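Here's the structure, in structure tokens; my notes come after.
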Amino acid sequence: MHAHRFLNHVIGALAALMLTAGMSVADGGKPAELQRALEDIRRAEQTVQARAVQAVALRSHLRQEGEGLKAEIRDEQRRNGAQPYPGAVQIPRVDYNLRLLQRLNGYLEQIDARLAEFQAVSAGFERHRERIRDELRMLRTLKDADISDLMRQLAAALEEAAARCAAPLVTLPAVQRSTESIRADIAQGR
């Protein structure tokens, strides 16, 4: 829902940017337009940061769940005696927990990738912010400087940020580690 509101806000901001881009040529409002763009970046960046905080919290929760599953596997193995992998997966609880860990590991990999995306979006916002500041300095010297290319790039960056924030943090992992390698890690204390 939060991502949906953000998306609506970004679409509204883009429409406003496009409208003011046409009006700014006539009314000389380029500095105001660039200030609004800075504010749009600030709001979009807040949403990206909030989404990153959600991802970190989810990652932490999944890691805790994973540690609990590993502890259950170790307990079952102690109860049933240390067995090679084929025998261990014959124990229903061990097999089930290994499959859960397999899926959980895929989710953790996805969350790490999403966090990297959010960092890249934030870095892109910083580059746009620097460019806007440069354009503001240019406008003080050259009143007729063209900012339309910058505004198009910013609109694309805001659209991309909205799409990334609207996407789910995790989906069903396509590639998963084998339960045998997960069990080997657990046996080695990892």
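Things to note:
- Being open to solvent by 30 Å² or more (accessible area, probe 1.4 Å), in contact (Cβ under 8 Å) with a residue 60 or more places away in the chain and not polar (S, T, N, Q) is a property that holds for TYR85.
- Condition check for ASP144 on (1) outside any helix (DSSP H, G or I); (2) more than 19 Å from ALA55 (Cβ to Cβ); (3) open to solvent by less than 40 Å² (accessible area, probe 1.4 Å); (4) not basic (Lys, Arg): one failure, at (3).
- Residue ID - surrounded by the fewest Cβ atoms within 10 Å (Cβ to Cβ), chosen from residues in the range 147-172 that are assigned to a loop (DSSP other than H, G, I, E, B) and in contact with a helix residue (DSSP H, G or I) (Cβ under 6 Å, 6 or more places away or on another chain): LEU169
- Just one of the listed residues (GLY66, GLY29) is small (Gly, Ala, Ser), surrounded by 15 or more Cβ atoms within 10 Å (Cβ to Cβ) and at pLDDT 85 or above, and it is GLY66.
- The residue that is surrounded by the most Cβ atoms within 10 Å (Cβ to Cβ), among those in the range 88-100 that are free of Cβ contacts under 8 Å to residues at least 60 places away in the same chain and not in a helix (DSSP H, G or I), is ILE91.
- Residue in the range 101-112 that is surrounded by fewer than 19 Cβ atoms within 10 Å (Cβ to Cβ), more than 16 Å from the chain's Cα centre (by Cα) and among the small types (Gly, Ala, Ser) present: no
- Of all residues in the range 179-190, those satisfying the criterion of being closer than 14 Å to ASP95 by Cα and open to solvent by less than 60 Å² (accessible area, probe 1.4 Å) are THR179, SER181, ILE182, ARG183, ALA184, ILE186.
- Unmet requirement for GLN153, which otherwise passes all of (1) modelled with pLDDT under 90; (2) within 29 Å of GLU72 (Cα to Cα): (2)
- The numbered conditions (1) touching a Phe, Trp or Tyr at 6+ places or on another chain (Cβ under 8 Å); (2) under 30 Å from ALA184 (Cα atoms) are all true for ALA162 except (2).
- Residue check: LEU115 meets all listed conditions (1) under 19 Å from ALA55 (Cα atoms); (2) modelled with pLDDT under 95; (3) buried (at least 16 other Cβ atoms within 10 Å of the Cβ) but one, namely (2).
- Conditions (1) more than 23 Å from LEU62 (Cα to Cα); (2) modelled with pLDDT under 90: number failed by GLN77: (1)
The values are calculated or read from the model by the stated rules, or taken from the named source; none is laboratory data. Note that the structure is predicted; figures quoted are calculated from it, not measured. Quick reminder, even Gly has a Cβ in these numbers, built from the backbone with ideal geometry, and neighbours come from all protein chains shown. We work out accessible area using only protein heavy atoms, side chains counted, and drop any ligands, DNA or RNA first. Shrake-Rupley method; radii C 1.70, N 1.55, O 1.52, S 1.80 Å.
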